[in-house]
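Single-structure report; data block below.
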Amino acid sequence: MRYVTLPLVRLAVPLLGWLLLAGGASAEGLRVAAVLDGDTLELEDGRQVRLAGIEAAKPPRNSNPADGRVWPLAEAATRALSDLALGRRVLLHGPAPVDRRDRLLAQLVREDGLWLQSALLVRGMARVHTRPDARAYAAEMLAGETTARDAGRGLWRSRVYAVRDAADADELARDRDSFQLVEGVVLAVSKSGGETWLDFGADWRSDVTVHIGRAAMREVTRAGIDPLSYEGRRVRVRGWITLRNGPMIEITHPEQIERLEREPASAARRGSAPDDDDPWDDPWDDPWNEDDAEEDPE
């Protein structure tokens with residue numbers, strides 16, 4: 001088996017307290033029986049597990065499978081997870097919530113200590129996508145994502161997954177009902193009744209806005225983040241794009257927002273990929289390029 005040579009993060013299982021979830025798992029963990037997509041797999045006992053904290057390259061929820069479009073890097077992400085996990089034993093870190101599709105959300109570590117989330121992130125096969133009940137190891141996952149993004153690996157070479165410009169409200173409006181990373185300079189901060197708004201344009205009725213509700217503001221403050229000081233600062237936010245007086249991202253937990261002290265070295269900017277006639281034709285459609293690979297030492 002051949003892998004791109006990358007600085008994988010390996011975690012000591014005892015150190016992080018990896019636990020086996022209920023359901024008859026042995027001390028050796030459970031074998032992966034099937035890989036369903038780039039961040040979802042099925043265990044030998046029939047349970048499905050979604051890798052918590054990441055969003056692999058895949059079509060967004062609002063896409064139409066009937067249109068026959070091949071989504072950039074979706075198959076590559078599935079192959080990546082298959083190469084890493086199929087037929088291998090994994091341990092699940094719990095307790096883990098269950099999503100609306102009755103899938104467990106968990107951090108997964110292979111029997112040899114390889115952390116699957118990190119392995120996918122540093123290869124550029126996924127983005128960090130935490131949620132209020134699945135936030136563990138967000139800092140470590142963000143570091144893996146940054147490594148891939150700054151190197152322009154995988155999905156970070158595709159305009160489909162590129163970081164959006166917060167100043168471009170029209171483009172973000174077209175991204176409605178999809179998960180995106182957005183960067184820009186906050187032009188105005190306002191607060192009312194415990195709620196906070198960060199605006200990236202001159203007109204709050206149509207520009208890109210980040211909303212932080214009361215409960216989320218308490219969580220953000222406890223994490224040492226002060227959004228009220230962000231006016232004039234460059235920030236990166238991640239979340240679902242909705243339309244409410246222009247494109248809006250709702251902050252529900254601290255890991256969704258990052259203050260950027262400098263202009264990031266990222267190659268992943270909307271439009272940074274080579275120009276062509278088909279925006280869906282990704283210029284880097286084979287992340288397992290053997291020219292850049294060597295034998296897996298395992």
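The values are calculated or read from the model by the stated rules, or taken from the named source; none is laboratory data. What you see is a predicted model; the values in this text were computed from it and never measured. Glycine gets a Cβ as well: all are built from the backbone with ideal geometry, and neighbour counts include every protein chain shown.
Just a few scattered comments:
- Selected residue [touching a Pro at 6+ places or on another chain (Cβ under 7 Å) and either surrounded by fewer than 19 Cβ atoms within 10 Å (Cβ to Cβ) or at pLDDT 95 or above (or both)] from VAL235, VAL208: VAL208
- Any chance GLY144 is modelled with pLDDT under 95 and farther than 17 Å from PHE179 by Cβ: no
- Across region 211-227, the number of residues qualifying as of a type outside the set (Gly, Ala, Ser) and at positive phi comes to 0.
- Members of region 139-166 that are hydrophobic (A, V, I, L, M, F, W, C) and crowded, with 16+ Cβ neighbours inside 10 Å: MET141, LEU142, ALA148, ALA151, LEU155, TRP156, VAL160, ALA162, VAL163, ALA166
- PRO247 being modelled with pLDDT of 95 or more, surrounded by 14 or more Cβ atoms within 10 Å (Cβ to Cβ) and out of contact with any strand residue (DSSP E or B) (no Cβ under 9 Å at 6 or more places or on another chain): no
- Candidate set: region 100-137, residues that are over 17 Å from GLY29 (Cβ atoms), of a type in the set (A, V, I, L, M, F, W, C) and modelled with pLDDT of 95 or more; chosen: the one surrounded by the most Cβ atoms within 10 Å (Cβ to Cβ): ALA126
- Listed by position, the helices (runs of 4 or more DSSP H) contained in region 77-191 that have at least 3 residues being under 15 Å from the mean Cα position of the chain (by Cα) are 116-122, 138-151.
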